[in-house]
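The values are calculated or read from the model by the stated rules, or taken from the named source; none is laboratory data. The structure presented is a predicted model; accordingly, all values stated were derived computationally and were not measured. Here Cβ is always computed from backbone atoms with ideal geometry, including for glycine, and neighbour counts include all displayed protein chains.
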Amino acid sequence: MPMDFINQNILLISIIVVSGMGLLWPLFMRPVGNGVNPGEATLLINREDALVLDVREMDEFASGHLPDAKSMPLSKLADRLGELDKYKDKPLIVCCASGMRSGKACGELKKAGFSRLFNLSGGIDAWVGAGYPIKKGTRK
């Protein structure tokens with residue numbers, strides 16, 4: 001009897017299972033660090049002298065980045081953590097193109113003892129979309 005119900009309603013059951021997984025997925029994939037939008041990031045930069053850490057590759061950084069951002073590609077983050085030691089208890093805004101790599105970087109930074117991490121939600125794309133300025137070229 002229960003098997004007949006399952007066989008007759010397999011499509012409905014599949015839709016319910018997939019929908020349930022879709023609702024639960026964000027709970028498991030929640031990025032580490034507080035998400036901040038461009039406006040909140042600007043307040044952290046202006047009021048608390050937050051460091052902006054751009055974890056995109058150098059060519060992406062050169063094509064446009066937040067003013068005064070420090071470039072540290074995610075692929076080199078573990079090797080260069082010592083450069084950030086003085087920011088362990090200060091606000092650190094991590095950004096990338098869309099927010100995915102910066103979420104991973106926030107995880108690594110949290111494990112290394114950084115306490116005030118902020119992930120720029122939507123990344124550089126959201127920053128530009130909000131009409132905020134970017135700077136081109138590499139930092140000297």
Looking at the structure I just gave you, is GLY123 at pLDDT below 95, of a type outside the set (D, E, K, R) and closer than 16 Å to ASN34 by Cβ? yes
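Residue-wise test of (1) modelled with pLDDT of 95 or more; (2) surrounded by fewer than 10 Cβ atoms within 10 Å (Cβ to Cβ); (3) in a loop (DSSP other than H, G, I, E, B).
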| site | (1), (2), (3) |
| --- | --- |
| MET3 | no, yes, no |
| LEU24 | no, no, no |
| GLY35 | no, no, no |
| ASP68 | no, no, yes |
| LYS86 | no, yes, no |
Could you say which residue among LYS104, LYS110 is over 12 Å from the mean Cα position of the chain (by Cα) and part of a helix (DSSP H, G or I)? LYS110
Which condition does ALA97 not pass, out of (1) modelled with pLDDT under 95; (2) in a helix (DSSP H, G or I), if it passes all the others? (2)
Quick check: anything in the stretch 40-49 outside any helix (DSSP H, G or I), assigned by TED's automatic domain parsing to the domain that holds GLY123, of a type in the set (Ser, Thr, Tyr) and closer than 24 Å to ASP125 by Cβ? no
